[in-house]
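In what follows, a single structure is set out as structure tokens and then discussed.
The values are calculated or read from the model by the stated rules, or taken from the named source; none is laboratory data. Note that the coordinates shown come from a computational prediction; the quantities given were computed from them, not determined experimentally. Quick reminder, even Gly has a Cβ in these numbers, built from the backbone with ideal geometry, and neighbours come from all protein chains shown. Just the protein is used for accessible areas: all its heavy atoms, side chains included, with ligands, DNA and RNA removed. Shrake-Rupley method; radii C 1.70, N 1.55, O 1.52, S 1.80 Å.
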Amino acid sequence: LTNTGTANLVISSITSSGDFAFTSTCAILTPPIVPTGNCAFGITFTPLTVAALTGNVTITSNAPGSPHVISLTGTGAGVAVPGITITPTTLGFGGVIVGTNSSQQSVTVKNTGLATLNLTSITVGAPFSRVLPSLAPDCLTTLAPNATCQIAVVFTPNAINSFTSQISIVHNAAGSPALVALTGAGTPITVAQISVPASIAFGDQIIASSGTQSLNITNTGTATLNVSAITLTGTDAASYTTAGTCTSINAGASCAITITFTPTTVGAKSAQIAIASNANGQPSVTVNLTGNGILAPRPIVELSVTAIGYGNNIFGGATSSQNVTLRNGGGASLLIQSIFTTGDFVLANGCPASLASTASCVIGIQFSPLGVGSRTGELVVSTNANDSPHRIPLSGTGCRWFSQVSSRFYLTSCSN
């Protein structure tokens, strides 16, 4: 600063503004600066922000035009280090069906510094996984100043449960690693599921009698179970029958059908029930059926005929025997108390005093008419069976010979 006048220059104040400051050899008030005298200023710039900045130094004195202003400009430049911001810092995926992928969600990574941001590693914890983002560049290993990239994630739950995890980003800026919280829940699969017993055992069942059991069909899934067919198959399928209808079963509900076992012979009987439905992964399931036909624990009389007709026979003669088979169809000994006939019928042979289980004997019966015309009688069998006595109706016609006067032929009263 030079005094170009002819009188002493008195400086009353020197001030600065903005991010600027000064040092000076110029005296304030005294001593004055003589004509042609001078002093010096040193001006410094200390920016506090990254931006273009302005300021000034103002000199107030006794010189014409006071105050005198020196305008100052400068630009604040950032330190050459990387910076990082991540938005958002939490991703919530809500409920997702077990075994399926959610829609992707992304976080945006920005380098807010002036140096390259190095992304050393990016890891995503299961059951979340990283995928390529659909709308922006994927984050790789480096990110230039002021550039952005995205990290895209999907959620694939493997169980019905709540899950938490995180994205971990290791980098060369302050605050490494950067973490992003991840949340989600596995929800049930919306499909039908079928549950039936593997087998149903009826145990011992007296032949010609019936036992019943229920077969419960349960839908353990989350969608409606549609049953399209229930079929009996197997070697002894004829020994079993089903009753009831199960066509549509709501999620969590059950439906029952009735199975009846009616053996007709002695021995083990096996069959299967095949159930066809829309159950996930099980379009057809099989239930094994077992049972055993046994004889009743009592004697049972079985007769081979219900009635016998002998036709015509000459009065006073006898026909050949017609046979009736008597069988013990029960599981205990049959005690024969008596076997007899009534009317014009006679026993040709009988049976022993008892028959073991499944044993049989033959009763022979002859027709010996004691009169002419229709003759009737019965075979009566008395035993220790519950429905004793057992009766078989017997019938025949009695005839006699005769001859007309002067006839060469004999006729019978039966027109023979």
Review point. Gaussian network model of the chain, Cα springs within a sub-10 Å range: biggest mean-square fluctuation belongs to which of Thr73, Thr306, Thr90?
Key: Thr73
Practice item. Would you mind telling me the share, in percent, of accessible area of the chain contributed by carbon and sulfur at probe 1.4 angstrom? Key: 54 percent
Point to revise | Dimensions in Å of segment 245-343 - Rg and Dmax from alpha carbons | key: 26.0, 83
Check your understanding: Where Rh is the Kirkwood radius over the Cα pairs of the chain, the temperature 20 °C and the viscosity 1.002 mPa s, what D in µm²/s does Stokes-Einstein return?
Key -> 62 µm²/s
Check your understanding: Got the relative contact order for the chain handy, in percent, Cα pairs under 8 Å and 6 or more residues apart?
Key -> 9 percent
Review point. Which FRET efficiency, nearest 0.05, do Ile160 and Asn226 yield, Cβ-Cβ r, R0 22 Å?
Key: 0.40
Point to revise | ³J(HN,Hα) computed for each position of segment 71-87 - Karplus, 6.51 cos²θ - 1.76 cosθ + 1.60, integer Hz, glycine/proline x | key: 7, 10, 9, x, 10, x, 10, x, 6, 7, 10, x, x, 9, 10, 10, 9
Review point. To the nearest 10 square angstrom, how much accessible area does Ile294 have with a 1.4 angstrom probe?
Key: 50 Å²
Revision key, fill the gap. Largest-first ranking of Asp387, Asp236 by accessible area, probe 1.4 Å, whole protein assembly kept, is Asp387, Asp236
